[in-house]
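First up is the structure itself, then whatever we jot down about it.
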Amino acid sequence: MIEKEVKIINDAGLHTRPAATIVKLAAKFKSDLQITKDGITINGKSIIGVMTLAAEKGSSIHLTFEGEDEEEASETIIDYFNRGFDEL
Amino acid sequence: MINITEKNIIKKKSISVEFFYKQTKDRFKIKLACENDGLDRLIYDQNLHRPGLALAGFVDLFTANRVQVFGNTEMRYLDQLKSDDRKLALERLFNFKIPCVILTDANKPFEEMIHLAKKHKLPVFVSEYSTTKLSYLVSDFLDDQFAPRVSIHGSLVDVYGVGMLFVGKSGIGKSEVALDLVERGHRLVADDVVILTKKGEGILIGAGTELAQHFMEVRGIGFIDVRSMFGIRAIRFQKRLEVIIELEVWDKDNEYTRTGLDDSLFSLLDVEIPYIKLPIVPGKNITVIAEVIALNYLLKHYGYDAAKILQERLAQRLKKKGGEIGRVIDYFEHDFE
């Protein structure tokens, strides 16, 4: 299991398009991805779930990867967060 | 498969008096007795307290951290005191860190009370409702606020009045089953993110989130809004959770129940909920099976357990010994249909 706290750094926050990308990236891996914010934990492979977090700029969210390819999955997805969803 | 960790569980430690006031002023007919700064005080306890004894001077074991309700008894008692004594009694109470005071039955606050409330920055409310009614409403509200909640990935549907939660891996078809059920006249509570709140000791109430409401994602189509597409009859805001159904790809090594005699239960926030594992195989209509599960649940609820009845019939038959395997009717009298 890999756990990591990440920050939302782009201006628009985690809006629909990056949410869709996260879900697509997560779906490529066998590992489960759970995302937690403000006590709500959602499945990182469900787009409605990711949107429910309504994570604005500056907020931080908690990622939990679990499964056989968790290393790869976490690298890919954390990298996408760190790139500010390519919107910087 | 339902993963519950500490992270999924939310439990509020306190709510501010301001939040309490905003949420309840219309519903419980509560008004502030005077302009006040103390609305940032916090409520930590879901119970209420009537401070009769404390007013009379006995403050041992006084539960100061509770919302203090002044009913007719407290007000009448204060009324027959002289102004100075009244001040003393109230001051003694207000020196504690109490969250707020509510006067019931539209009782008018005493001048001394207003004066001291301002001095101590303590919110004092007045409600039109009787003590019994207000106590019930406020307790119920606070119970709900302090109740543990858990967020779950799944779909909650009201099927013939039975609250059914579908869980399973992402992409297994939970949303599709929910949509199919809605098409057949059942009602969607929430898709994808379901928040379950514990009510009382053995009840879990499920609801969706404020943002997602009755939107859902269908793979290959995108977002749809079930409420505007199917209308008000197709949704509801909350439903008691009664059965959990886990969808999974058929696993030949896994044993699935064949008789229904032994119920399996899943424990969520210490509430035991009937739990059914449903394998998905080609040609199997999950929607119809979900309806059958709901109907069977209702039959059991109303006292008819098909599995037990058949078990008993067999037991009776075995006791009799002998006899051949007969048809359901011995003789089909001139029935050539």
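The values are calculated or read from the model by the stated rules, or taken from the named source; none is laboratory data. All values derive from a computational prediction rather than experimental measurement. So basically every Cβ, Gly included, is an ideal-geometry build from the backbone, and we count neighbours across all protein chains shown.
Quickly run through segment A:29-64 and pick out the residues that are at the interface with chain B (Cβ under 10 Å from one of its Cβ atoms), under 16 Å from A:Glu5 (Cβ atoms) and part of a loop (DSSP other than H, G, I, E, B).
Scanning segment A:29-64 gives A:Asp38, A:Gly39, A:Gly44, A:Leu53.
Identify the single condition in (1) surrounded by 10 or more Cβ atoms within 10 Å (Cβ to Cβ); (2) without any contact (Cβ under 8 Å) to a residue 24 or more places away in the chain; (3) assigned by TED's automatic domain parsing to the domain that holds B:Ile152 that B:Pro274 does not satisfy, given that it satisfies every other one.
Answer for B:Pro274: the failing condition is (2).
Quick test of your reading of the structure: B:Gly283 fulfils all but one of (1) farther than 19 Å from B:Val182 by Cβ; (2) of a type in the set (Gly, Ala, Ser); (3) surrounded by 12 or more Cβ atoms within 10 Å (Cβ to Cβ). Name the failing condition by number.
(3)
Of the residues that sit in segment B:155-184 and are charged (D, E, K, R) and outside any helix (DSSP H, G or I), which one is farthest from the other protein chains (Cβ to nearest Cβ)?
Once the filter is applied, the top-ranked residue is B:Arg184.
If B:Gly206 meets every condition in (1) part of a strand (DSSP E or B); (2) more than 15 Å from B:Leu156 (Cβ to Cβ); (3) among the small types (Gly, Ala, Ser) apart from one, which number is that one?
It fails just one condition, (2).
Would you check which residues across segment B:211-227 are in a loop (DSSP other than H, G, I, E, B), at the interface with chain A (Cβ under 9 Å from one of its Cβ atoms) and surrounded by fewer than 17 Cβ atoms within 10 Å (Cβ to Cβ) and list them?
Within segment B:211-227, just B:Leu211 meets the criteria.
Give segment B:1-45 a look and list any residue that's part of a strand (DSSP E or B) and away from chain A (no Cβ under 14 Å), or say none.
B:Ile15, B:Ser16, B:Ile30, B:Lys31, B:Leu32, B:Leu42, B:Ile43
If you scan segment A:13-25, which residues turn out to be over 16 Å from A:Asn82 (Cβ atoms) and either part of a loop (DSSP other than H, G, I, E, B) or within 11 Å of the chain's Cα centre (by Cα) (or both)?
A:His15, A:Ala19, A:Ala20, A:Val23, A:Lys24
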